[in-house]
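Have a look at the structure below, then the notes.
The values are calculated or read from the model by the stated rules, or taken from the named source; none is laboratory data. As the structure is a prediction and not an experimental result, all values here were calculated from the model. A quick note on method: Cβ atoms are made from the backbone with ideal geometry, for glycine too, and the neighbour counts reach across all protein chains shown. All accessible areas refer to the heavy atoms of the entire protein, side chains included, with ligands and DNA or RNA removed. Shrake-Rupley method; radii C 1.70, N 1.55, O 1.52, S 1.80 Å.
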Amino acid sequence: MYLSPVIRTFSLLIQLVAQSGGDPRSPGIAVEARLAGRWGISVGDTIAIAAEAAGPAQQRVVEAIYRGRADPATALRGELAVRFHLADLANLLGAPDRVDRIGVAVRPGIGPDSAAARINQIGFGFRAYPSATIASESSQTFLVVSRFHQAIGFIAIVASAVFLLCIMLLKVEERRLDAAVMRMIGLARRTVFLAFLLEATLLASVGAALGAALAYLATVLTNLFYQRKFETTLVFAHLTPDIVLLAAALSLVLGIGAGALAAARLLGATPLALWRRA
Amino acid sequence: MIGRWAARNAVRHPIRTGLVVLGIAVASALLLDMTMLSGGMERSFENMLLSRGFQIRMSPKGTLPFDTEATVAGVTPIVAALRSDPAIAAAGAAVGIPVHVRKADSLVTLVGYGVDPKGQGFYQVLEGSDLAPGDSAGMLVGAPAAARLGWRLGDTVRLLGRLDPQSAEAGIERLMTVRAVVRWLYDSRDQLSVGGPYRVVRAMGRFVDPDPGSMIMIKVREGHDVDSVATRLAARYPGVQVNSVAALVRQFRNRLVYFQQLSLILATISLVVAVLLVATILAITVNERLGEVAVLRAIGVTRARLVGLVLIEAAAVTAVGTGLGIGLGLVTAGWLDDILTSFPGLPAAISFFVPEPAAMFRATTVMIGAGLGAAGYPAWLAARAPIALTLRSEAE
């Protein structure tokens, strides 16, 4: 088993003191690329750091510029980060030899649950959790957002179903004259119905394909916009085959269903009645 | 007479009219929800911050109140100076720490607030009486904590602080008496919180600075401009973050920019749907009735009256649909709000969908305007129909 102590993030104030040529005896820090880019910080620069605005500042030399892992929990907050050697940050905060959490990697073949249970038996004053439990707890926010998206999706489906029904009804109604002629020249009601159904299927298929293309374009634009806005590599919109399939299936079912309903209603009338109404 | 024609035309195709009304109702409901979402969060946040009349917050530099564990150093002289400022009616510091109580053989962790009743703006007394000046053993209990721990007014409980993570031994213990059950305005649902005199709670925390504060709340005296007082305080205390409520709302808006943009996109989509629906239906209806339109023109009905007929029909269908949509929107807003307010850690006082007459009026006006706009093309078709040609083709 291997332990990796990690100290909690803490609010700090930093100020660029000198560009390169700092005191090489100062402990080193690593600066996140966004912060470095924004303030023009480079490796070798010296930075003054204080735990409190009114507190004494200490100097640190920038040893590295790093790009933080994209984290959806913090990306939207726009927080900027600096990494310290653990002991250095603990001393700076005036709380030596204290950490907020300890990361534990178990050996292959050992389950995280059993390892956590064993630590909890022998440890006192702290509690061990498998990463999956923490991930589940910390993803609650995203589960809420996901439920919200599903609710909005449901409303959008109802709206588009009504819209589709309207359009298909009108589209078929427009064909009254054609329907009357087809019936008068001897085509069976079923044949005319199938012709309208085929037309509805074709329309729904083309519409679904166009919708998928539009959704792909919207996904690309959404990701471009938000990745630039929040300076992150996170993917904000993800068009998966499942979603495309669901949307296409809904479009086809709704489109064909609406077309069938409208065609059945139209063909319920006699050819002469249709001719008169046209 | 135009109104009667319009009504008769709407009734002539009941299914079609019903579907259009339904479509507009769903689109209006979505538009109303998104209108509420776009401004509701901010207003709800602002109302929460201003609920006790404190318009300025001071917090550690670079942070929002209680956003991190950082503290403002030396708050007592700052609060004293603020209270002597003629532009300031009240000021008080608050500090937040974890505290613990024993329940059976386990420990329950609570949020402990150190408050100064002379200048506090983040709780309301529900039952009992507020902490009196000089009361060093009084405690305020949030309603969820009182319910969970079974505490009542007058109960004396033992609060533990500075818990050693290795041995679970408390570094400090205090016997406190429940003076009041309160509502902590910024707490999330079911958050277990207690409050005590600022100095007592501060002493129970583990701080590097001897006189720390998580936040200072300031109430500006009437007749003084809040923003200018905030600017002056920011200049006087450069090491502290000074935010007016307006500035906090701006920062809140930045954090929730996603919902703002989502509401804008969905509101636009709902408008487009409504416009397309009305325009398509009316265009087809007018096309179907070109013969009737030509006859009306031939017997002397003016173009303006025909345009009026189409516009009235559009306005009537949109108005009925929007009316239904407002009711539907309020129902769905409650449903969506229940989902979003289950965000972990969100203050219970925050609402995402705030039903306000202004939002309803805006949604109704925009939707009816969109319906009338959508009727423009069909109205133009009706007005421009060539009389003789149309009559001849109808006769054939």
Task: region B:123-136, subset without any contact (Cβ under 8 Å) to a residue 60 or more places away in the chain and either assigned to a strand (DSSP E or B) or open to solvent by less than 50 Å² (accessible area, probe 1.4 Å) (or both), residue nearest to B:Ala93 (Cα to Cα) - done: B:Val125
Open item on the list: Please count how many residues of region B:243-255 are more than 8 Å from every other protein chain (Cβ to nearest Cβ) and either acidic (Asp, Glu) or open to solvent by 30 Å² or more (accessible area, probe 1.4 Å) (or both).
Closed with: 5
- [ ] Within region A:123-154, count every residue that is closer than 30 Å to B:Val20 by Cβ and touching a residue at least 60 places away in the same chain (Cβ under 8 Å).
- [x] 0
Open item on the list: Condition (residue is of a type in the set (Val, Ile, Thr), at pLDDT below 70 and closer than 28 Å to B:Phe252 by Cα) applied to region A:8-26: is it met by at least one residue?
Closed with: yes
TODO: Please give the number of the condition B:Phe252 fails out of (1) modelled with pLDDT of 80 or more; (2) in a helix (DSSP H, G or I).
DONE: (1)
Task: Filtered residue count, region A:130-154, keeping only those that are surrounded by 17 or more Cβ atoms within 10 Å (Cβ to Cβ) and outside any helix (DSSP H, G or I) - done: 1
TODO: Just need a number here: residues in region B:99-110 that are open to solvent by 10 Å² or more (accessible area, probe 1.4 Å) and touching a helix residue (DSSP H, G or I) at 6+ places or on another chain (Cβ under 9 Å).
DONE: 2
Task: Residues of region B:316-348 satisfying the condition of being open to solvent by 30 Å² or more (accessible area, probe 1.4 Å), more than 21 Å from the chain's Cα centre (by Cα) and within 25 Å of B:Met36 (Cβ to Cβ) - done: B:Ala319, B:Val320, B:Gly323, B:Leu324
Open item on the list: Considering only residues that are part of a helix (DSSP H, G or I), in contact (Cβ under 8 Å) with a residue 40 or more places away in the chain and either more than 9 Å from chain A (Cβ to nearest Cβ) or farther than 23 Å from B:Thr17 by Cα (or both), which ones fall in region B:256-279?
Closed with: B:Phe259, B:Gln260, B:Leu262, B:Ser263, B:Leu264, B:Leu266, B:Ala267, B:Leu271, B:Ala274, B:Val275, B:Val278, B:Ala279
TODO: Would you please name the residue that is farthest from A:Ile49 (Cα to Cα), looking only at residues in region A:77-100 that are open to solvent by less than 60 Å² (accessible area, probe 1.4 Å) and either of a type outside the set (A, V, I, L, M, F, W, C) or within 9 Å of another protein chain (Cβ to nearest Cβ) (or both)?
DONE: A:Gly78
Open item on the list: I need every pair where a residue in region B:280-302 that is surrounded by 20 or more Cβ atoms within 10 Å (Cβ to Cβ) has its Cβ under 6 Å from the Cβ of a residue that is in a loop (DSSP other than H, G, I, E, B), sequence separation at least 6 or different chains.
Closed with: B:Leu282/B:Ala375; B:Val293/B:Ala385; B:Ala294/B:Ala385
Task: helices (runs of 4 or more DSSP H) fully within region A:155-272 counting 1 or more residues that are in contact (Cβ under 8 Å) with a residue 40 or more places away in the chain, more than 29 Å from B:Ser28 (Cα to Cα) and open to solvent by 70 Å² or more (accessible area, probe 1.4 Å) - done: A:176-184, A:189-229
- [ ] Using the structure shown, decide if A:Pro108 is within 12 Å of another protein chain (Cβ to nearest Cβ) and either under 32 Å from the mean Cα position of the chain (by Cα) or part of a loop (DSSP other than H, G, I, E, B) (or both).
- [x] no
- [ ] Please tell me if B:Gly323 is assigned to a helix (DSSP H, G or I) and closer than 23 Å to B:Ala359 by Cβ.
- [x] yes
Open item on the list: Being of a type in the set (Val, Ile, Thr) and either more than 14 Å from chain B (Cβ to nearest Cβ) or in contact with a His (Cβ under 6 Å, 6 or more places away or on another chain) (or both) narrows it down to one residue among A:Val206, A:Val172, A:Val158; which is it?
Closed with: A:Val206
Open item on the list: Given the options B:Gly376, B:Gly371, name the one that is among the small types (Gly, Ala, Ser) and buried (at least 20 other Cβ atoms within 10 Å of the Cβ).
Closed with: B:Gly371
Task: Candidate set from region B:79-89 (those that are under 14 Å from B:Ala230 (Cα atoms) and hydrophobic (A, V, I, L, M, F, W, C)); member that is surrounded by the most Cβ atoms within 10 Å (Cβ to Cβ) - done: B:Leu82
TODO: Take A:Gly103 and decide whether it is more than 9 Å from every other protein chain (Cβ to nearest Cβ) and either in a helix (DSSP H, G or I) or polar (S, T, N, Q) (or both).
DONE: no
